[in-house]
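**Q** Below you'll find the structure I mean.
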Amino acid sequence: MTAQPLFALTPGEPAGIGPDLCLLLAQQAQPHPLVAVASRDLLAERATQLGVAIELIPAGPGAWPHQSSPAGSLYVWDTPLAAPVAAGELNQANAAYVLETLTRAAQGCLDGHFAGMITAPVHKGVINDAGIAFSGHTEFLADLTRSEQVVMMLATRGLRVALVTTHLPLKDVAAAITAERLARVTRILHADLREKFGIDQPRILVCGLNPHAGEGGHLGREEIEIIEPTLDLLRSEGINLIGPLPADTLFTPKHLEHCDAVLAMYHDQGLPVLKFKGFGAAVNVTLGLPIIRTSVDHGTALDLAGSGKVDSGSLQVALETAYAMAASQAQQN
């Protein structure tokens, strides 16, 4: 590891706004060295399209930077494309390129070259259309790092929301809320809030699964049979948990004022509230990995790629969060 922490940035889908965001961020000096794991040609072409002046500085194994690049420049670990890219036009020929950028960045973290990785959005559909089984960044990185369980958490100013289940059809959620899964996710959330966010005694609010948290069993028995006994077990381990609470009242100032994170049972129970509160200034954090990974809270926005009409706010928050997590982890160690 260099004396000053080094971070990897992956632009994601090459036809989307990820390359644009990287170029916009490079117009400002960053407090730590930042290496874009990307095609140099792609970044140069997109910069020309956007009318952005940029100096692309070579970096990579054997040539890691030791200081931040000046404003208007960006370190690039050149990763070749398989086919030319037109902004806004998906090409499944470049699916393997996207996965190669993620692999290089994650392996660089595992090898100690990077203190963390920050990812711009990918397009899952075009990767799958290329014949590659891919359900998302989170699952791909979990497999690459051999992590048994990972947790998706989104955060914005004043609110963090972690999920017990992620990208499941609603009809499958109840069956997926098992005591084992709930316990694993909660332990990971608690441990990473301590280690990666520097919170000594995290206070976690837990949503019920059913309306009114089951209303004593009249609206479902998952709270009685699974959630409450599991929370009691975890409390005996010293984890500070409040709930299960009805989700429609949990997300109110009275409850959120003194909490460090909310644990929601499924994707659309917790994330609409968080995105309403902080869309464009929120960050996606993957917990449970042996590395630090943050990402944006939005998609590839193909219709905006190359237009110059993008907002880099979420990516900037993702960068700042990764920097803070790395500093907290260094203090813990």
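The values are calculated or read from the model by the stated rules, or taken from the named source; none is laboratory data. Quick caveat: nothing in here was measured; it's all calculated off a predicted structure. Cβ placement follows ideal geometry from the backbone for every residue including glycine, while neighbour counts extend to all protein chains displayed. What goes into the accessible areas is simple: the full protein's heavy atoms, side chains included, and nothing from ligands, DNA or RNA. Shrake-Rupley method; radii C 1.70, N 1.55, O 1.52, S 1.80 Å.
**Q** Test of understanding: extend the Cα→C-beta vector of Gln107 to 7 Å, then name every residue of segment 46-63 with backbone N under 16 Å from that spot.
**A** 60-63, by backbone N distance to the label point.
**Q** Between Glu139 and Gln331, what is the spin-label point distance in nm, taking each point 7 Å from the Cα along the Cα→C-beta axis?
**A** Result for the modelled spin labels: 3.7 nm.
**Q** Another question, then. Using a 1.4 Å probe on the protein heavy atoms, what percent of the accessible area of the chain belongs to carbon and sulfur? Don't jump to the answer; show the numbers that get you there.
**A** Values: 7260 of 14220 Å².
With neighbouring chains kept in place, the figure for the chain is 51 percent.
**Q** Quick check for you: with a 1.4 Å probe and neighbouring chains kept, what is the accessible area per residue of the chain, in Å²?
**A** On the way: 14220 Å² over 333 residues.
I get 43 Å² per residue for this part.
**Q** About the Cα centre of segment 150-287, what is the dipole size in debye to 20, counting +1 per Lys and Arg Cβ and -1 per Asp and Glu Cβ, all else neutral?
**A** On the way: 14 positive and 16 negative charges, 97 e Å.
Around 460 debye, computed over segment 150-287.
**Q** Sticking with this structure for a sec: Where q = 0.11, 0.17, 0.23, 0.25 Å⁻¹, what log10 of I(q)/I(0) comes from the Debye formula for segment 1-75, counting one point per Cα?
**A** Per q value, in the given order, log10 I(q)/I(0) is -0.24, -0.58, -1.04, -1.20.
**Q** At 10 °C and a viscosity of 1.306 mPa s, what translational diffusion coefficient does Stokes-Einstein give for the chain, taking Rh as the Kirkwood radius over Cα pairs? Give it in µm²/s as a whole number. Don't skip to the end; give the middle numbers.
**A** Details: Rh = 20.6 Å.
Using the Kirkwood radius from Cα pairs, D works out to 77 µm²/s.
**Q** Which far-off residues, 5 or more places away or on another chain, put their amide H under 5 Å from the one on Arg293, with H placed in the peptide plane?
**A** The list, which skips near neighbours in sequence, is Met117, Thr286.
**Q** Describe numerically, in nm with one decimal, the distance between label points set 7 Å from Cα along Cα→Cβ at His167 and at Gln28.
**A** 2.9
**Q** While we're looking at this one, here's another question. Would you mind putting 129-140, 320-331 in packing order, based on average other-beta-carbon counts within 10 Å, highest first?
**A** On the way: 129-140: 15.6, 320-331: 17.7.
Those peptides, ordered most packed to least, come out 320-331, 129-140.
**Q** Helix check for the chain. Which DSSP H runs span at least 18 Å along their own axis by Cα, with a mean Kyte-Doolittle hydropathy no less than 0.0? Intermediate values should be presented prior to the final figure.
**A** Numbers: long enough: 95-110 (23 Å, 0.67); 179-195 (24 Å, -0.41); 313-332 (28 Å, 0.15).
Those that clear 18 Å and a mean of 0.0 are 95-110, 313-332.
**Q** Under 5 Å between amide H atoms, partner at least 5 residues away or on a different chain: which partners does Ser135 have, H built in plane at 1.01 Å?
**A** Phe140
**Q** Near Gln329, within a Cβ-to-Cβ distance under 11 Å, what is the net charge of the other residues, with Lys and Arg +1 and Asp and Glu -1? Let's see the in-between values first.
**A** Numbers: positive: Arg194, Lys196; negative: Asp192, Glu195.
Result for the local shell: 0.
**Q** If you take the beta carbon distance between Asp232 and Asp303 as r and set R0 to 51 Å, what does 1/(1 + (r/R0)^6) give as a FRET efficiency, to the nearest 0.05?
**A** Working: r = 49 Å, r/R0 = 0.96.
E between Asp232 and Asp303, to the nearest 0.05, is 0.55.
**Q** If you take the charge dipole of the chain about its Cα centre, with +1 on Lys and Arg Cβ and -1 on Asp and Glu Cβ, which of Ala324, Ile177, Phe276 is farthest toward its positive end?
**A** Of the listed residues, the answer is Ala324.
**Q** Rounded to the nearest 0.05, what FRET efficiency do Ser73 and Arg187 give with R0 = 56 Å and r taken as the Cβ-Cβ distance? Could you check?
**A** On the way: r = 42 Å, r/R0 = 0.75.
Efficiency for this residue pair is about 0.85.
**Q** Taking a quarter of the surface of the convex hull around the Cα atoms of segment 150-287, what do you get in nm²?
**A** Values: hull surface 30.9 nm².
Here the figure is 7.7 nm², rounded to one decimal.
**Q** To continue, here is another question. What's the magnitude of the charge dipole for the chain around its Cα centre, counting Lys and Arg as +1 and Asp and Glu as -1 at the beta-carbon? Answer in Debye, nearest 20.
**A** Values: 21 positive and 33 negative charges, 88 e Å.
The dipole of the chain has a size of about 420 debye.
**Q** Please give the per residue volume of the convex hull enclosing the alpha carbon atoms of segment 106-192, rounded to a whole number of Å³. Working shown, then result.
**A** Details: hull volume 13.2 nm³, N = 87.
In segment 106-192, the Cα convex hull volume per residue is 151 Å³.
**Q** Using a Förster distance of 22 Å, how high is the FRET efficiency between His258 and Ala176, based on the Cβ-Cβ distance and rounded to 0.05? Before the final figure, lay out each step's value.
**A** Working: r = 30 Å, r/R0 = 1.35.
So, using R0 = 22 Å, E works out to roughly 0.15.
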